[in-house]
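Novice: Dumping the structure here so I can ask a few things about it.
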Amino acid sequence: MSNEHTKMVIGIDDTDSREGMCTTYLCALLRDELSSFAKAVSDPMLVRLNPTIPYKTRGNASVALLVECREPEKVMEHVTRRVATMSCLDNENTNPGVVFITDEQFGTVRPDLSEFFRRAVRDVITIDEAKEMALKLCLRFQVFKNGRGLIGALSACGAMLDPEWDHTYEYLAYRVKDSWGTPRSVDDDSLFKADRQTYPDTWDTVDLFNDMVVCVPHSADPVLYGIRGKDRSSVEKAASFVRCEPVERACTFRTNQGTDMHLLPAGGISEITGMHSYILEGQVCSMPATIRGGHTIFSLQDAEGQKIDCAAFEPTKNFRELVRQLIPGDRVIVYGSVTERTVNIEKIKIIGLASKYEVLNPLCPCCGKRMKSAGSGQGYRCRKCNTKSMTTQSKEVKRAVLPGFYEVPPCARRHLAKQLLRFGKEDVPVFPSR
Ligand SMILES: [Zn+2]
């Protein structure tokens, strides 16, 4: 065995299920377990892929580690064994994949894998395509069951090897194993304090308008809470204010969350296909209607006259009140994922407001008194002098909404959706020490 250190990227995906485990936890555990014979040399990577993919478990997340070690075979063996033993393999939707890339391969695989990463966030990739890619690049990989996790594992490796994308951070605290599946104990006041002390460098910890904690999940997985923000120091500072049950371990990830990486600019509605996410400009062409379940929907028309439904679903809470103020003729740009020919609005930019009129009964041309309706389709009549009129009057009324950029509240935020406060603050990360 040589004494040389070698670097290696390890990508892992799809070890979790709705019932337990979490790929990010496995990553944090591996980083700690490997520390005796491999050193993590950059922040672990947490990558969110296309949010419309139906096979995803919870958040469609995959992870990657960049380590430096003397014995890569030993690292690969340990990781493969842990993925095999800790994944929820009994669950039909859990199909793990693991990829190992050694430093002599970094340069040759980087262009293909960074492209693969971007496609996996925006597009739909098949398991066969992922297998072809891994074989073409001569990568060491291991798949379990149908191997769907290979898609995310390759993507996370691509993210780790490619510095040219906007990123944010998330600090994840994990519960001790005995607590998994039981109610979480995190002090709400301490989370509001953490938010006050670090916002806007951190975000989506709490939802002030809806008076809700949003950074504590309710599923059976090991995550206790997650703090999202612009850099490692900000999320770790916020975490220092949190009072909670015992934490088994914590890990700060670099992520593509809050970057809008999933969005494609759409030139028109004819370009739109399901299971993709878009930025689309158009004109409101129906009054927003609130349907059963509390979802508010309006129709949007593009320059070619094509139409598509746009929805502010019930979980977007107060955002729906804004959407209900729209009227036909308003010009907007919607940001969101498309499923079943409906845009699930994450953000909306109102760029032009139509004039809004109120229809009034006319004033009597003879005596000036406001006339009354004479019955359906029969015009108006003056009660005082009996004059009749068929014409109505209309008056422009002030709009209750202003042009501007609006977003769903933190409690309804999609992982990949960029917060308005991040616009203009995107940064290009620097690839870690090489
Ligand atoms: Zn009159």
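Novice: Taking K and R as +1 and D and E as -1, what net charge do the other residues with C-beta under 11 Å from the C-beta of ASP189 add up to?
Specialist: 0
Novice: I've got another one for you. Can you give me the Cα centroid spacing of segment 201-253 and segment 94-111 in angstrom?
Specialist: If we compute the Cα centre of each part, the gap is 30 Å.
Novice: Let me ask something else. Provide the per-residue ³J(HN,Hα) series for segment 193-206, in order, calculated from phi with Karplus coefficients 6.51, -1.76, 1.60 and θ = phi - 60°, each as a whole number of Hz, with x at glycine and proline positions.
Specialist: 5, 4, 5, 4, 6, 10, 5, x, 6, 10, 7, 6, 7, 9
Novice: May I pose another question? With runs of 4+ DSSP H residues as the only contributors, calculate the mean residue ellipticity of the chain at 222 nm using -39,500 (n - 2.57) per run, divided by the residue total and rounded to the nearest 500.
Specialist: Taken over the chain, the calculation gives -6500 deg cm²/dmol.
Novice: Against the longest principal axis of the chain, how steep is helix 149-161, in degrees 0 to 90 to the nearest 10, with axes from Cα atoms?
Specialist: Computed tilt is about 90 degrees.
Novice: Evaluate the chain: find the radius of gyration of its Cα atoms, find its Kirkwood radius, and give the ratio Rg to Rh.
Specialist: That ratio equals 1.11.
Novice: Another one. Determine the gain in length on full extension of the stretch ARG249-GLU71; use 0.36 nm per residue of separation and subtract their C-alpha separation, reporting nm with one decimal.
Specialist: 61.5 nm
Novice: OK, next. Would you give the gap between the C-alpha center of segment 260-330 and the C-alpha center of segment 125-162, rounded to a whole Å?
Specialist: 34
Novice: Here's something else I'd like to know. Given the whole protein assembly as supplied and a 1.4 Å probe, what does the accessible area of TRP165 come to in Å², nearest 10?
Specialist: Accessible surface of TRP165 is approximately 10 Å².
Novice: Just read off the accessible area of HIS5 with the full protein assembly in place, 1.4 Å probe, to the nearest 10 Å².
Specialist: Probe radius 1.4 Å; accessible area of HIS5 about 100 Å².
Novice: Return one whole number: the accessible area per residue of segment 141-293 in Å², for a 1.4 Å probe.
Specialist: Result: 41 Å² per residue.
Novice: Using a 1.4 Å probe, how large is the accessible area of ASP211, given in Å² and rounded to the nearest 10?
Specialist: Surface open to solvent at ASP211 totals about 110 Å².
Novice: As a test of understanding, state the convex hull volume per residue of segment 293-434 from its alpha carbons, in Å³.
Specialist: 198
Novice: A follow-up question, please. At a 1.4 Å probe, what is the % contribution of carbon and sulfur to the accessible area of segment 356-397?
Specialist: 45
Novice: Would you be so kind as to identify which of PHE141, ASN91, PHE116 lies farthest towards the positive end of the dipole of segment 6-161, taking Lys and Arg as +1 and Asp and Glu as -1 on Cβ and the Cα centre as origin?
Specialist: PHE116
Novice: Carbon and sulfur atoms: what percent of the 1.4 Å accessible area of segment 168-255 do they account for?
Specialist: 48
Novice: Could you look at segment 6-161 and say what percent of its accessible area is carbon and sulfur, using a 1.4 Å probe and all protein chains?
Specialist: Accessible surface attributable to carbon and sulfur in segment 6-161 totals 48 percent.
Novice: Hey, another quick one. Measuring from the lowest to the highest alpha carbon on each principal axis, how far does segment 168-255 reach, largest first, in angstroms?
Specialist: So the extents along the principal axes, rounded to whole Å, are 34, 28, 19.
The values are calculated or read from the model by the stated rules, or taken from the named source; none is laboratory data. Small disclaimer: the values here were computed from a predicted structure and weren't measured. For neighbour counting, all protein chains shown are included, and Cβ atoms are generated from backbone atoms with ideal geometry for every residue, glycine included. Heads up: the accessible areas ignore ligands, DNA and RNA and are worked out on the full protein's heavy atoms, side chains in. Shrake-Rupley method; radii C 1.70, N 1.55, O 1.52, S 1.80 Å.
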